[in-house]
Amino acid sequence: MKRPIAYVAGTGRGVPKRVMTNHDFAALGLETSHEWIVERTGIVERHIASDTETTCYMAADAARHAMARANVAPGEIDAIILSTATADRLLPATAVDLQAELGARRAAAFDISAACTGWIYGMTVAEGLMHTGVAETVLVVGSEKMSAIVDWKDRSTCVLFGDGAGAAVLKRSKPHAREGILSAYMRSDGTLAELLWRPSGGAKIPFSETVLGDRSSYVRMAGREVFKHAVRSMSDACDRALDGAKLRGDDIDILIPHQANVRIIEATAKHANIPMNKVYVNVDRYGNTSSASIPIALDEAVETGRVKEGTTALMVAFGAGFTWGSMIVRF
């Protein structure tokens with residue numbers, strides 16, 4: 001097992017005040033029901049952001065909680081890595097807005113676009129910055145306003161997603177420390193991109209009356225195919241992370257998976273030989289918050305005592321791209 005380079009010094013989350021239940025979809029005229037959604041996804045409710053609760057706003061809320069737990073001041077942060085599929089604007093990166101909001105004047109700041117796997121990607125990049133000596137303290141945030149990019153007339157997607165942000169402060173591990181990132185794994189397959197994507201609205205097909213009319217700037221998903229690849233890829237990611245840390249499923253105290261669908265979570269846990277009583281699940285209360293889902297769940301697990309000193313956690317995600325990745329952290 002490698003010597004940890006970086007450890008999680010603090011976590012935080014920031015979620016919108018408004019809660020939307022499955023029953024609320026009836027008011028939108030969608031042909032769906034609470035029972036239909038729960039049976040297929042396990043989702044009961046999700047948080048939906050207001051106009052003022054932007055991606056940056058939620059990120060800053062999560063970041064401040066993480067910084068307070070880590071006892072880190074804004075001026076001590078060397079880098080800010082923000083994962084988001086819902087940037088507040090196309091240029092510049094939302095991360096620089098977050099830097100300005102926090103007053104982290106010394107920090108380099110940039111966005112990562114890897115969909116639901118983005119926070120795992122960001123944590124891996126942060127560890128690399130520490131390994132090269134570029135940074136000593138890094139803020140990694142996943143913040144998503146998915147309600148802004150889903151088609152509220154499409155019941156196959158709009159019932160799945162929610163808004164929110166989660167954050168972690170990484171600091172350099174001390175020599176001979178046992179706590180920290182033990183292994184990480186990242187992969188992608190761009191040949192499958194059109195199974196989960198936004199066809200229009202970028203530089204290739206800019207916004208126009210046609211795009212607005214055909215609603216092609218919203219998320220589109222081939223649900224069954226995505227489910228199949230998600231289970232396969234998250235299982236692969238679990239295997240690779242365990243191999244990298246020279247651990248087995250029995251050595252994991254808690255599995256914190258991407259919260260997209262409870263059926264995917266159950267299949268992933270079964271493959272990793274981790275019983276469901278060791279799996280953290282909050283998809284019922286948040287829905288799929290994309291790259292914010294793991295850090296939100298991690299912060300809740302810390303707050304409730306599920307993650308504490310000595311806990312070994314396996315985190316795994318799958319998202320549009322396709323992207324997938326995993327990480328094992330000892331706290």
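The distance between label points at Lys153 and Glu194 comes to 2.3 nm (points 7 Å beyond Cα on the Cα→Cβ vector).
Looking at the chain, send over the antiparallel percent of its DSSP beta bridges, to the nearest 5.
Taking every DSSP beta bridge within the chain, about 70 percent pair in antiparallel fashion.
Checking every one of the GluC sites (Glu not before Pro) in the stretch 1-85 against DSSP loop status and a limit of 14 other Cβ atoms within 10 Å picks out Glu31. The label point for Ala203 and the one for Ala100, both projected 7 Å from the Cα toward the Cβ, are 2.2 nm apart.
Arrange His65, His229, His23 by Cβ neighbour counts within 10 Å, fewest through most, would you? Display every interim value, and only then the final one.
On the way: His65 21, His229 18, His23 12.
In increasing order of surrounding Cβ atoms, one gets His23, His229, His65.
When the chain is described by a simple charge dipole with +1 on each Lys and Arg Cβ and -1 on each Asp and Glu Cβ, the residue from Pro16, Phe161, Ala245 located farthest towards its positive end is Ala245. Take the chain and mark each of the trypsin sites (Lys or Arg not before Pro) that is in a DSSP loop with at most 14 other Cβ atoms within 10 Å; the longest unmarked stretch, sites excluded, is 19-88. From least to most packed, judged by other beta carbons within 10 angstrom and beginning with the fewest, Cys116, Cys238 follow the order Cys238, Cys116. Ranking of Leu98, Leu247 by neighbouring Cβ atoms within 10 Å, starting from the fewest: Leu247, Leu98. In a simple Cβ point-charge model (Lys, Arg +1; Asp, Glu -1; nothing else charged), the chain has a dipole of about 760 debye relative to its Cα centre.
Read the figures in this text as sums done on the coordinates, not as results from a lab. Note that this is a predicted model, so its numbers are computed, not measured. Cβ coordinates were reconstructed from backbone atoms using ideal geometry, including for glycine residues, and neighbour counts include every protein chain displayed.
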